[in-house]
1. Using r as the Cβ-Cβ distance of residue 89 and residue 138, and R0 as 30 Å, what FRET efficiency do you calculate, to the nearest 0.05?
2. Any chance you could tell me what percent of the C-alpha pair distances in segment 1-58 go past 13 Å?
3. Kindly report the accessible area of segment 61-110 per residue (heavy atoms of protein chains, probe 1.4 Å, no ligands, DNA or RNA), in Å².
4. By DSSP, what percent of the beta bridges with both residues in the chain are antiparallel, rounded to the nearest 5?
5. Once every DSSP H run of n ≥ 4 in the chain is given -39500 (n - 2.57) and the sum is divided by its residues, what mean residue ellipticity at 222 nm do you get, rounded to the nearest 500 deg cm²/dmol?
6. Considering only lysines 8 or more places apart in sequence, or on different chains, count the pairs in the chain whose C-alpha atoms sit under 23 Å apart.
7. Compute the separation of the alpha-carbon centres of segment 99-162 and segment 9-41 and state it in Å as a whole number.
8. Of the heavy-atom accessible surface of the chain (probe 1.4 angstrom), what whole percent is carbon and sulfur?
Amino acid sequence: MTRATEDALGRLQAAGPKPRYVVSGCLAGLRCRYDGGSNPCPQVVKLVEAGLALPVCPESLSGLPVPRPPCEQVLCGPEKKKIRVLSRSGEDVTDAFEHGAKRALDAALAAGCRAAILKARSPSCGVGEVYDGSFGHRLRPGDGLWARLLREAGFSLWTEDNLPPDLPV
Ligand code: SF4
C-alpha cells in the first residue's frame with residue numbers, strides 16, 4: 001500500500017460508517033499515472049479529503065515503476081478473447097497488471113468499500129470501455145483488469161465521466 005493510500009485509509013476509518021468509495025489514485029491527485037502525472041477530479045479529491053474514499057492505484061501495486069511505458073489491453077488468441085496487456089514496444093506486462101489488480105481489490109475489500117469511481121478507459125481502471133491496443137486512442141467494449149475484479153466482487157462502478165448521483169460531498 002502506498003503512503004498516500006495509508007493516510008487516506010486512516011481518514012476513512014475515522015469517518016465511521018459512512019458511504020465508502022475506492023477511487024483511482026490518479027483521480028485523487030496522486031502522481032501515479034504512467035507518465036508521472038495525475039488526473040485530479042474535484043469531486044473525487046473532496047471525497048478523499050472528507051475521509052469517504054480510499055485512493056488506490058493498481059499499477060503502482062503491480063511493482064511497475066512510475067514513470068513506466070504506456071500500456072494497453074490487446075485481445076489475443078484464435079478467437080481474440082484472451083486479454084494480454086502490452087506496452088507500446090510490445091513488452092507483455094499482463095502478469096504484473098493482474099498482480100496489481102488483485103492487490104488493489106484486496107485493499108478495497110479490506111477497507112469495506114462497496115462502490116468505485118475509476119479512471120475511464122484505462123487498461124486497469126476503465127469501466128465498460130478500454131483502449132483497444134492500437135495506441136491510437138481507439139476504444140473497444142470491456143473493463144480494465146481491476147475494474148473487472150471489482151465488478152465480479154459486486155462493486156458498483158462509476159467513472160469521472162459518470163459520477164454517482166448521490167455523492168455525499
Ligand atoms: Fe490511474 Fe488506474 Fe492508471 Fe493508476 S492504474 S494511474 S489509478 S488509471
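The values are calculated or read from the model by the stated rules, or taken from the named source; none is laboratory data. Given the structure is predicted, the values throughout are model-derived calculations rather than measurements. A quick note on method: Cβ atoms are made from the backbone with ideal geometry, for glycine too, and the neighbour counts reach across all protein chains shown. Remember, those area values only see protein heavy atoms, side chains included, never the ligands or the DNA or RNA. Shrake-Rupley method; radii C 1.70, N 1.55, O 1.52, S 1.80 Å.
1. Efficiency at R0 = 30 Å is approximately 0.95.
2. Percent of Cα pairs beyond 13 Å in segment 1-58: 53.
3. 57
4. 50
5. When only DSSP H runs of four or more count, the value is -8500 deg cm²/dmol.
6. 7
7. Between the Cα centre of segment 99-162 and that of segment 9-41, the gap is 14 Å.
8. Here it works out to 52 percent.
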